[in-house]
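The values are calculated or read from the model by the stated rules, or taken from the named source; none is laboratory data. Worth saying up front: this structure is predicted, and the values here are computed from it rather than measured. FYI the Cβ positions are ideal-geometry reconstructions off the backbone, even for glycines, and counts take in every protein chain you see.
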C-alpha cells in the first residue's frame, strides 16, 4: 500500500477509543477529565490525526509556537491573553530558563568585581 493511501485511510477512520470520564480536583471545585483508552496503534494515529486537523483548521496559526527552552522540541498553543507565552511548561522549561539567567547574572557580577585602586 502506498503511503498516500495509508494516510487517506487513517484520516477517514474514526478513532476507536473508549472514553472514560474521571473526576479531578481543580482549584475550588471538581472538574471532569476525559481520558481515552486507545485499543490499537491505528486508533492512536487516527486520534492524533483528527486532533492535528482540528488544531490546524480551528486555531490561529500564529498562536502555535515552539518552546524557547534550551533543548526542548515541543510546540504549544498560546492561549494567553497577551500571547507572549514562551515555554511549553512554566514549571519545567520556564524554570530552567530562569535558573540559567540567574546563574548568568551571578557569574557576570562576580567577574565584574575587579579590585579598585585608591
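A quick yes/no check of all residues on (1) in contact with a strand residue (DSSP E or B) (Cβ under 7 Å, 6 or more places away or on another chain); (2) surrounded by 11 or more Cβ atoms within 10 Å (Cβ to Cβ):
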site: 56; (1), (2): no, no
site: 62; (1), (2): no, no
site: 69; (1), (2): no, yes
site: 74; (1), (2): no, yes
site: 77; (1), (2): yes, yes
site: 83; (1), (2): no, yes
site: 89; (1), (2): no, yes
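As for the range 57-77, it holds no residue that is at pLDDT below 90, closer than 30 Å to residue 37 by Cβ and in a helix (DSSP H, G or I).
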